[in-house]
Amino acid sequence: MMLESIKIKMQKFNTLKSIPAYLPIVNIDTDMIIPKQFLKTIKRTGLGKNLFFEMRYDDNGNEINNFVLNKNPFNKSKILIAGKNFGCGSSREHAPWALLDFGITCVISSSFADIFYSNCFKNGILPIILDDEKIKELSEYANRKEEISIDLSEEKIVYGNSKINFEIDPFKKKCLLEGLDDIALSLKKSEKIKTFENNLKIRKSWIFND
Amino acid sequence: MPNTLYDKIWNDHLVDQQDDGTALIFVDRHLVHEVTSPQAFEGLRNSNRTVRHPKLTLAVADHNVPTTDRSKGISDEESKIQVDTLESNCKEFGIQLFGMGDKRQGIVHIIGPEQGFTQPGTVIVCGDSHTATHGAFGSLAFGIGTSEVEHVLATQTLVQKKAKNFRVNVDGKLPLGVTSKDVILQIIGKIGTAGGTGCVIEYAGDLIRSLSVEQRMTICNMTIEGGARAGLIAPDEKIFKYLEGKPMSPKGEAWDKAIEYWKKLRTDDGAKFDKEINLKAEEILPMITWGTSPQDVITIDGKVPNPLNEKDEDRKNSLERSLNYMGLKPNMAAKDIKIDKVFIGSCTNGRIEDLREAAKILKDKKIAAHVHAMVVPGSGLVKEQAEQEGLDKIFVNSGFEWREPGCSMCLAMNADKLKPQERCASTSNRNFEGRQGRGGRTHLVSPGMAAAAAISGNLDDVRKYQN
Ligand code: SF4
């Protein structure tokens, strides 16, 4: 496939180095990541300050000091490590938008909810799945405030003297590495879509509501 | 090779298949609402793209609309901007919209079936996770993110990888007072909120077949709470009958051809499922959720769990966190949980049969003095039908408020919300922390159970009020 002419839409992801923030909660749902009062926006940006709103601020709107993302150096973390089934609940893309706006471009968990997982890739965020044991190991780096590095093209995480490999779908990886606009990619297949539609008109004419 | 229903729909929509398994599939029906679409339309505009098939797209404002008197419009400035933006986008791109004043307006997953926009064997998407509702018609229906909404608008296709096949069989007959809501809560309790991750669930078995079309929608609706991408049920005569004569259903010769095709939509004998579970309907009881995840279910005769009995450390922590948030004590009886509010509505239980079920319990009874209760019909047409049947009077006489249609307190994006620590028996689908308002406490129940709770003032057994 010719990818060179596809315009770049999102930030390319290649390597990333940061002290990870660790949020040891399972089933973090999209309502927790960004509650509904912030879904009234018609923009993609500006949601970072409300990321994890309920856990991050008290009733008077002041930062809750012992919440991890309010603490230095985690308030500058680009990597978030969290409990399993991260991003469950609604399809709101405001969840990855809020993470991105806060500065988090990589989330590590032992499992992700499907829609959230695919939403990440559309926004230049890398979701990494690791088993619980590895997560525990990495979380130590968060506790000790030490950096870890992520290398997407090599599919590895380097920390201290060790490294862990992770797996990622080759097509999704390519899109992230090159920041590709997947609508443009699909529109390259216009001919195939057209052929499908022509057949569909014959096979199931009622679909087109004509 | 024998195929599952999901396999068949998938294969029938393949536009392109890459070697790495990534596929481009055709989307027959696209539903759009105000919350997850503005950025998608903006994306189209920024890249000078158009909507490929405006006629395959239907839009409605539901999440943000007020459920009280609408004649003065929306007072919340941000909500108003979002609803107005949907309207101008639909105008600009030639998409049909049911606006706030339209009697066909309602929750996106209720109006699709009502209009006959939802049809068997189609791929239906919407920027909303409860799109699985439409799977009750034997369609492959699932929620997508806003970038994908933009992708569908521009290309009428979606980039996907095939999910696994998971079958849930429910056989037998439900005991009195037990509904499809209890069935799906039971299923989620059994498989957990991540139990269906990466799968499409087909619901099968003689109990499922015996359910009405609307009851099937309740089951498919909450599939996402079990983590699955989509849930579906093979279409049958009940579905065809439901769709016949609906405004957007095929007509005349096209109808006959459609029926012929729809009849073939079922899983072949011997088709392979990656996962399968079986439930006996007789063993299902009226359910409630006690915690902050839809998998936190117990029967109405049951007790709130005790974290001390948990060995798994993660699970124990999450139980403690939930109990604390919910303001409950370990081992407390479900029936001892006192409630402040009752909400009947949402895309899970906001249809006419749901309202009938609740009204049957409430007839000639008053709700407890300390309880504030409301009914929010799922659409303008549901509301109209209910009023024709006099259900609104039953609700109002018992002490309920009778509202205009919308999502309302299911997610509390409009003015309908719980105050901190207020406790609600709700027929919606999510009991997440803060879902119905900051600090609010949600117990998910069936419409009959919500009515029973309203009368008793605490969570209670609907069977008590059944003759
Ligand atoms: S009723 Fe609730 S779950 Fe259904 S679409 Fe509206 S907000 Fe979502």
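Descriptive notes on the structure:
- Picking from residues in region A:23-66 that are of a type in the set (V, I, T) and open to solvent by less than 20 Å² (accessible area, probe 1.4 Å), the one that is farthest from B:N46 (Cα to Cα) is A:I28.
- Those residues of region B:184-215 which are within 24 Å of B:C126 (Cα to Cα), assigned to a helix (DSSP H, G or I) and either within 16 Å of the ligand (Cβ to nearest atom) or free of Cβ contacts under 8 Å to residues at least 40 places away in the same chain (or both), in sequence order: B:I184, B:L185, B:I188, B:E214
- Considering residues of region B:161-179 that are within 14 Å of chain A (Cβ to nearest Cβ) and either assigned to a loop (DSSP other than H, G, I, E, B) or not aromatic (F, W, Y) (or both) only, the residue surrounded by the most Cβ atoms within 10 Å (Cβ to Cβ): B:A163
- One residue from B:S71, B:S75, B:S129 being within 15 Å of the ligand (Cβ to nearest atom) and modelled with pLDDT under 95: B:S129
- Selection within region B:297-329 - open to solvent by 70 Å² or more (accessible area, probe 1.4 Å) and of a type in the set (A, V, I, L, M, F, W, C): B:L308
- If the condition is being out of contact with any strand residue (DSSP E or B) (no Cβ under 6 Å at 6 or more places or on another chain) and within 16 Å of the ligand (Cβ to nearest atom), then region B:319-351 contributes B:G345, B:S346, B:C347, B:T348, B:N349, B:G350, B:R351.
- Residue within region A:28-39 that is in contact (Cβ under 8 Å) with a residue 40 or more places away in the chain and farther than 30 Å from B:P294 by Cα present: no
- Inside region A:173-202, residues that are more than 8 Å from chain B (Cβ to nearest Cβ), assigned to a helix (DSSP H, G or I) and charged (D, E, K, R) make up a count of 6.
- Tally, over region B:132-162, of residues that are under 20 Å from B:K55 (Cβ atoms) and within 15 Å of the ligand (Cβ to nearest atom): 4
- Strands (runs of 3 or more DSSP E) fully within region B:5-49 counting 1 or more residues that are within 16 Å of the ligand (Cβ to nearest atom), open to solvent by less than 30 Å² (accessible area, probe 1.4 Å) and at pLDDT 95 or above: B:29-33
- Those strands (runs of 3 or more DSSP E) of region B:54-160 in which 2 or more residues are open to solvent by 20 Å² or more (accessible area, probe 1.4 Å) and touching a strand residue (DSSP E or B) at 6+ places or on another chain (Cβ under 7 Å) occupy B:96-98.
The values are calculated or read from the model by the stated rules, or taken from the named source; none is laboratory data. Computed from a predicted structure; not experimentally measured. Because the Cβ atoms are built from the backbone with ideal geometry, glycine has one as well, and the counts that use them run over all protein chains shown. The protein model used for the area step is the full one, side chains on, heavy atoms only, and it has no ligands, DNA or RNA in it. Shrake-Rupley method; radii C 1.70, N 1.55, O 1.52, S 1.80 Å.
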